[in-house]
Amino acid sequence: MLPLDFIDSIERQMGDELDLFCRAMQAPATTSVRLNDKLVIPDFIGKKVPWCDNAYYLDNRPKFTLDPLLHAGCYYVQDASSMFIDYILKKYVSKQSVVLDLCAAPGGKSTLISQYLGNDGLLVSNEVVRQRVFILSENIQKWGNGNTVVTHNKPSDFSERCTNFFDCILVDAPCSGEGMFRKDAKAIDEWSEKNVELCISRQRSILMDSWDALRPGGILIYSTCTFNTHENEDNANFIKNTLHADILPLDIPKEWGITETIGYHFYPHKVKGEGFYVCVFRKKDAPFATKKLKSDKLKRTVATECEDTLRSWILQPELWTLRQEDRFSIAYPIKFKELIDYFSTCLTCISTGFGVGEMRGKIPAPQHSLSMSKQIRKEEFVNIEIDKETALKYLRCEALPFENQPIGYLLLTYMSQPLGFVKNIGGHSNNMYPKEWRIRNL
Ligand code: SAM
């Protein structure tokens, strides 16, 4: 049941279309996935999402948890409307950009941005809520690009420590969630006019606190998953008038059903997707503004042990620099070395690039993150193809027997996609899948 106050407020917005809108809100939510480019195409592919590369609608909603390819980072289950960010990036953001995704968990839009930037650009994927930052880091590692630093900071930290810096900032703001009503009954229970007020003031704080981190001429993408004009159009006007930015137009084919106001609305009776709003801005140029990176600490760099072995596990070692943190060696883009070293002195970095190895005695053990990385040199390991049942046991962290296989680290694959490592010790093996990622509800 939709809240009555919500129907009152949306009635003004919808006019003659109210009936159609309300009917669409009672219909089941759509299901869509965005494929990772490391994928062998699985058999459930449906109709294409028109505004995003490698994205498809599904006719039904399978039990995704039971598909090992999901855990191998081969695709992300994401609402089609949210994937519109891809269309905006292509139009306004160069692939060489340094992008900040400020409100990033669980990582739907971050994995999309990471795929768009590839090896050319850098993504800082941030989440302020502690409990949510780990699922963000997990999803980034599974996606496997290595071009991302996951941080846990307040919006103001970026303005203070990275002034006039980012080429693009995405603020996918926490909102009243009206566009999620079909998908999530909790969003209906939590909706109230008071909560909308609270959201508006939080959204404006986030925007004001992070604004100085965007370089003059840089792109701000502001989005919400609500229909509410106070959280959308009013905030777009606030960005334009108070923060001094130009609203940028998008050329959108009519048949996509997207509604243009100040910004763009995705309404469920017109678009195959959930409710979404987005507006794109360019920060006005300020000729004398300079980039400021401020830190008073110096990073202690530790030489990486067994560097040759670790580098031999990477497909393009020339693209990556290695750093050792305690027992762990991580790889991150050489192109952004100084910048990432700087971030690690002044931001709370939860994960950086991809983990390669962990020192255990004198010999490194491969890290799980390496198996998820597009940079893994698979032929450096004994590959064992496993069936679905074994894959699910592996993902539940069960110990698996690998008789007649060499002793040492084995790379398990499912449909040729790496799932993770085991250490075969003869007769049985140690499961190296991260315990905190294991699947529990089967
Ligand atoms: N962009 C994400 C995606 O595509 O998967 C969804 C982001 S969700 C709409 C908004 C995020 O903002 C949540 O993860 C929430 O924890 C975070 N958030 C909540 N309060 C915040 C605040 N005051 N400042 C910054 N982020 C906040």
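The values are calculated or read from the model by the stated rules, or taken from the named source; none is laboratory data. Bear in mind the structure is a predicted one, so any value in this text is a computation, not a measurement. Positions of Cβ are backbone-derived with ideal geometry, glycine not excepted, and every protein chain shown enters the neighbour counts. Accessible surface areas use protein heavy atoms only, side chains included; no ligands, DNA or RNA. Shrake-Rupley method; radii C 1.70, N 1.55, O 1.52, S 1.80 Å.
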Within region 148-166, tally of residues that are more than 12 Å from the chain's Cα centre (by Cα), more than 12 Å from the ligand (Cβ to nearest atom) and either surrounded by fewer than 19 Cβ atoms within 10 Å (Cβ to Cβ) or polar (S, T, N, Q) (or both): 4
Cβ pairs under 6 Å, 6+ apart, first in region 339-363 and among the small types (Gly, Ala, Ser), second assigned to a strand (DSSP E or B) and crowded, with 19+ Cβ neighbours inside 10 Å: Ser351/Val150; Gly353/Ile330; Gly353/Ala331; Gly353/Tyr332; Gly355/Ile330; Gly357/Ser329; Gly357/Pro364; Gly357/Pro366
Matching residues, region 93-103, being within 14 Å of the ligand (Cβ to nearest atom), of a type in the set (A, V, I, L, M, F, W, C) and out of contact with any Cys (no Cβ under 6 Å at 6 or more places or on another chain): Leu100, Leu102, Cys103
In region 130-140, residue nearest to the chain's Cα centre (by Cα) [restricted to those that are within 9 Å of the ligand (Cβ to nearest atom) and open to solvent by 60 Å² or more (accessible area, probe 1.4 Å)]: Arg132
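Of everything in region 201-236, what is in a strand (DSSP E or B) and within 20 Å of the chain's Cα centre (by Cα)? Give them in sequence order.
Initially, region 201-236 is screened for residues in a strand (DSSP E or B), giving 214-224.
Leu214, Ile219, Leu220, Ile221, Tyr222, Ser223, Thr224, listed by residue number.
Give Lys393, Lys374 a once-over and let me know the one that is under 30 Å from Leu293 (Cβ atoms), of a type in the set (D, E, K, R) and at pLDDT 95 or above.
Lys374
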Scan of region 306-354 for residues that are surrounded by fewer than 15 Cβ atoms within 10 Å (Cβ to Cβ) and within 15 Å of Ala365 (Cα to Cα), ordered by number: Asp308, Ser312, Glu325, Asp326, Arg327
Residues (open to solvent by 10 Å² or more (accessible area, probe 1.4 Å), in a loop (DSSP other than H, G, I, E, B) and away from the ligand (no atom under 11 Å from the Cβ)) located in region 66-92: Asp67
Selection status of Ser94, under 16 Å from Leu112 (Cα atoms) and small (Gly, Ala, Ser): yes
So Leu122, is it surrounded by 21 or more Cβ atoms within 10 Å (Cβ to Cβ), under 16 Å from Ser97 (Cα atoms), hydrophobic (A, V, I, L, M, F, W, C) and modelled with pLDDT of 95 or more: yes
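Return the only residue of Ile258, Ile221 being aliphatic (A, V, I, L, M) and touching a Leu at 6+ places or on another chain (Cβ under 7 Å).
Details: Ile258 fails: touching a Leu at 6+ places or on another chain (Cβ under 7 Å).
Among Ile258, Ile221, only Ile221 is aliphatic (A, V, I, L, M) and touching a Leu at 6+ places or on another chain (Cβ under 7 Å).
Which members of region 109-124 meet the condition of being near the ligand (Cβ under 9 Å from one of its atoms) and either assigned to a loop (DSSP other than H, G, I, E, B) or small (Gly, Ala, Ser) (or both)? Even if it seems obvious, please write down each step before you answer.
Residues of region 109-124 that are near the ligand (Cβ under 9 Å from one of its atoms), as a first pass: 109-112.
Within region 109-124, just Ser110 meets the criteria.
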The one condition in (1) at pLDDT 95 or above; (2) open to solvent by 10 Å² or more (accessible area, probe 1.4 Å) that Arg182 fails to fulfil: (1)
Hits in region 1-60 (condition: open to solvent by 70 Å² or more (accessible area, probe 1.4 Å) and of a type in the set (A, V, I, L, M)): Met1, Leu4, Leu20, Ile41
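Listed here are the residues, each with its yes/no results for (1) within 22 Å of the chain's Cα centre (by Cα); (2) modelled with pLDDT of 95 or more.
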| position | (1), (2) |
| --- | --- |
| Leu315 | no, yes |
| Asp326 | no, no |
| Lys335 | yes, yes |
| Cys349 | yes, yes |
| Thr352 | yes, yes |
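Pro106 - would you say it is at pLDDT 95 or above, farther than 19 Å from Val280 by Cβ and either within 14 Å of the ligand (Cβ to nearest atom) or out of contact with any Phe, Trp or Tyr (no Cβ under 8 Å at 6 or more places or on another chain) (or both)?
Numbers: at pLDDT 95 or above: yes; farther than 19 Å from Val280 by Cβ: yes; either within 14 Å of the ligand (Cβ to nearest atom) or out of contact with any Phe, Trp or Tyr (no Cβ under 8 Å at 6 or more places or on another chain) (or both): yes.
Spelling it out, Pro106 is indeed at pLDDT 95 or above, farther than 19 Å from Val280 by Cβ and either within 14 Å of the ligand (Cβ to nearest atom) or out of contact with any Phe, Trp or Tyr (no Cβ under 8 Å at 6 or more places or on another chain) (or both).
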Residues being farther than 23 Å from Gly118 by Cα and away from the ligand (no atom under 12 Å from the Cβ) - total across region 167-183: 4
